[in-house]
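These notes are about the structure you will find just below.
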Amino acid sequence: MARSIRHEADLLRIGFAVDPGALFVQQFADHADNGDVRQLVAAAKSVGAIVVVDGAQLVPHYPTDVEALGADFLVFSGHKMLGPTGIGVMWGKAERLEELEPTEGGGEMISDVQLYESRWAPVPQKFEAGTPPIAQAIGLGAAVDYLEKIGMTAVREHEVDITGYALERLADVPELTVYGPSDPNRRGGAVSFELADIHAHDVATILDQYGIAVRAGHHCAKPLMRHLEVAATARASFYVYNTHDDVDRLVDALMEARKIFGLDA
Ligand SMILES: Cc1ncc(COP(=O)(O)O)c(C=O)c1O
């Protein structure tokens, strides 16, 4: 039987550890109503922080009501939501955007230039110096339209369904350690695991030979990996295009990997 290691952050402890004035960026799975993010934003706000929500793993997977979040900024990436690389979105409260100085200079971002001073164009042009990534913006717009047509509630429901099925099936793989909450409603659509003491990169290489792409490594979560005392995990990520069949193929390939690594000997 697989082993399950559950880890959930203590949200309020994190929230109240924030220094007043600090930028507060976070990422994790959430409730369908963004309840966890809203709770964290409120905790950060209560100590006077300017709050930036890193929504790279939020916006592609959950219905997101930017007003209800209460944050000052929300950012997310195009390539994590079926869009092209090289583009993302920064949403900010109008008054915050007015306060910010642009960090890039270039065409289309000034309203006037004198010899000794310049005035910036209004928001958002002052932040959009130079020729914009036109093709990427059109591609990201198409991705947003596509996801909205499916409906973000349906996207989230599909992820919960498929992640729940994956957790159920992976539980039958001997010597597999599965990380994270066992309730699919309390996690995103990604499942990290370790097969016995085989390095995650080796597991990923074998899975790749069966046509299954997983990510292996520390997943940009080194402090958590150290806390859990694991060097690396393999991670299957599910999205709108995955089916129960894909999960079955993952489980079959893990069983094959067990044989290849002599675990069934
Ligand atoms: C929460 C979060 N923020 C930021 C990033 C990085 O985004 P990008 O690839 O657009 O730099 C990632 C993924 O790599 C992520 O998961």
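Things worth noting here:
- Leading residue by the ranking (surrounded by the fewest Cβ atoms within 10 Å (Cβ to Cβ)) among those in the range 55-69 that are free of Cβ contacts under 8 Å to residues at least 40 places away in the same chain and within 16 Å of the ligand (Cβ to nearest atom): A56
- Flag if E256 is surrounded by fewer than 18 Cβ atoms within 10 Å (Cβ to Cβ) and in contact with a helix residue (DSSP H, G or I) (Cβ under 8 Å, 6 or more places away or on another chain): yes
- Which listed residue, of A154, A137, is in a helix (DSSP H, G or I) and over 29 Å from V214 (Cβ atoms): A137
- Qualifying strands (runs of 3 or more DSSP E) (wholly inside the range 170-223; at least 2 residues being within 16 Å of the ligand (Cβ to nearest atom)): 190-195, 215-217
- With respect to (1) surrounded by 19 or more Cβ atoms within 10 Å (Cβ to Cβ); (2) assigned to a helix (DSSP H, G or I), the lone exception for A142 is condition (1).
- Subset of the range 160-204 [of a type in the set (A, V, I, L, M) and at positive phi]: A196
- Residues being within 15 Å of the ligand (Cβ to nearest atom), within 25 Å of F238 (Cβ to Cβ), among the β-branched types (V, I, T) and not in a helix (DSSP H, G or I) are entirely absent from the range 32-47.
For (1) surrounded by fewer than 20 Cβ atoms within 10 Å (Cβ to Cβ); (2) farther than 21 Å from D264 by Cα; (3) of a type in the set (A, V, I, L, M, F, W, C); (4) touching a Phe, Trp or Tyr at 6+ places or on another chain (Cβ under 9 Å), each residue gets a yes or a no:
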site: K149; (1), (2), (3), (4): yes, yes, no, no
site: E159; (1), (2), (3), (4): no, yes, no, yes
site: G180; (1), (2), (3), (4): no, yes, no, no
site: H199; (1), (2), (3), (4): yes, no, no, no
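- Taking every residue in the range 101-123 that is exposed (fewer than 10 other Cβ atoms within 10 Å of the Cβ) and pairing it with any residue that is of a type outside the set (G, A, S), at least 6 positions away or on another chain, the pairs with Cβ-Cβ distances below 6 Å are D112/R119.
- Selection from the range 70-94 of residues that are in a helix (DSSP H, G or I), small (G, A, S) and within 14 Å of the ligand (Cβ to nearest atom): G78
- Filtered residues of the range 124-139 (kept if among the small types (G, A, S), more than 24 Å from the chain's Cα centre (by Cα) and exposed (fewer than 13 other Cβ atoms within 10 Å of the Cβ)): G130
- Condition check for V52: surrounded by 16 or more Cβ atoms within 10 Å (Cβ to Cβ), within 16 Å of the ligand (Cβ to nearest atom), outside the structural domain of H158 (by TED's automatic domain parsing) and part of a strand (DSSP E or B): yes
- Among the candidates A94, A142, residue that is hydrophobic (A, V, I, L, M, F, W, C) and over 30 Å from G188 (Cβ atoms): A94
The values are calculated or read from the model by the stated rules, or taken from the named source; none is laboratory data. This one's a predicted model, so the numbers in the text were calculated from it and none came from an experiment. As a convention, Cβ positions derive from the backbone with ideal geometry for all residues, glycine included, and neighbour counts pool all protein chains shown.
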